[in-house]
Amino acid sequence: MDRTIIVTGEGHSSAAPDAVVISGEFTGTYKEYADAVNASASALTSLRKAIGDAGFDMDDLRTTRLSVDPVYRSENGVQRFHGYQFVHGITITEDADRDGLGRLLEAMVSCDGAPEFRVSYTVRDPTEAQSAARAAAVKDAKHKAKELATAAGVRLGDLVSISYRTESRTGRPMARMAMMMVDAVPEDETFSDTVTMEWEIL
């Protein structure tokens, strides 16, 4: 029977966010379906103009969700039609620059039917941080394997197999908090790798 040792190593790394993601949605309820659709389009047009006037690329604003659904309310135990509710989700990603973020948020809150939104930070290219976490996980696994082999009075042979799982944790999103938000300092984004390695033991 082959003799092997299987060890799981963990590695972590972090990187400072270099981009800010603002996501939100417009909502409204109207008696007529066409009015709800028109209101959704009008709100988006107003926001696009506001961010364009603030010096941002209007094409960076993307729609993430669009729906128009009938709404019913209970009146004296009877469900009655109340109107049509539209929900228009949007997102925009820009560089994590405080001055730029301030201008963008001011534009968003000043447009007609200003959307509710949340702000979160992210790393545009996590490749380097992920590689560092993976390397740290391999180093950790090797260290543990050598310790176990020494304690057991055996030696490590050839590497038989290796597998890994990558995870990332972004900074906490922050709710809309007027303009004080631009003074917030985002926490680093943390990347984790879990590596499982198997060696022959001699």
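What is the calculated FRET efficiency for L148 to H12, with r their C-beta to C-beta distance and R₀ = 25 Å, to the nearest 0.05? It would help to have the intermediate numbers written out before the result.
Working: r = 22 Å, r/R0 = 0.86.
Efficiency computed from Cβ-Cβ geometry: 0.70.
From a point 7 Å beyond the Cα of T27 in the direction of its Cβ, which residues of region 55-75 have a backbone N at a distance under 15 Å?
65-73
Please compute the length gained on full extension between S42 and D158, using 0.36 nm multiplied by the number of residues separating them and subtracting their Cα-Cα distance.
Stretched out fully, the S42 to D158 stretch lengthens by 35.2 nm.
Gain in length, D35 to R118, computed as 0.36 nm per residue apart minus the alpha-carbon separation, to one decimal in nm?
That pair, D35 and R118, stretches by 27.2 nm at full extension.
Straight distance only, please: which aspartates and glutamates reach the Cα of K139 with their own Cα at less than 12 Å, same-chain residues fewer than 8 apart left out?
The reachable aspartates and glutamates, counting only those whose Cα sits under 12 Å from K139, are E10, D193.
Just to verify a number: FRET efficiency for K139 and D188, C-beta to C-beta distance, R0 = 30 Å, to 0.05?
Numbers: r = 21 Å, r/R0 = 0.69.
Plugging the Cβ-Cβ distance into 1/(1 + (r/R0)^6) gives 0.90.
Based on Cβ point charges of +1 for Lys and Arg and -1 for Asp and Glu, what charge dipole magnitude is obtained for the chain about its Cα centre, in debye rounded to the nearest 20? Walk me through the numbers on the way to the answer.
On the way: 22 positive and 32 negative charges, 120 e Å.
Roughly 580 debye, rounded to the nearest 20.
I need the peptides 47-53, 156-162 ranked by packing, meaning the mean over residues of other C-beta atoms within 10 angstrom, with the highest value on top.
Top of the packing list down: 47-53, 156-162.
Which whole-number percent gives the relative contact order of region 19-122, counting Cα pairs below 8 Å spaced six or more residues apart?
Relative contact order here is 47 percent.
Every number here is computed from the coordinates shown, using simple stated rules; none is lab data. Note that the structure is predicted; figures quoted are calculated from it, not measured. Glycine also receives a Cβ, built like all others from the backbone with ideal geometry; neighbour counts cover every protein chain displayed.
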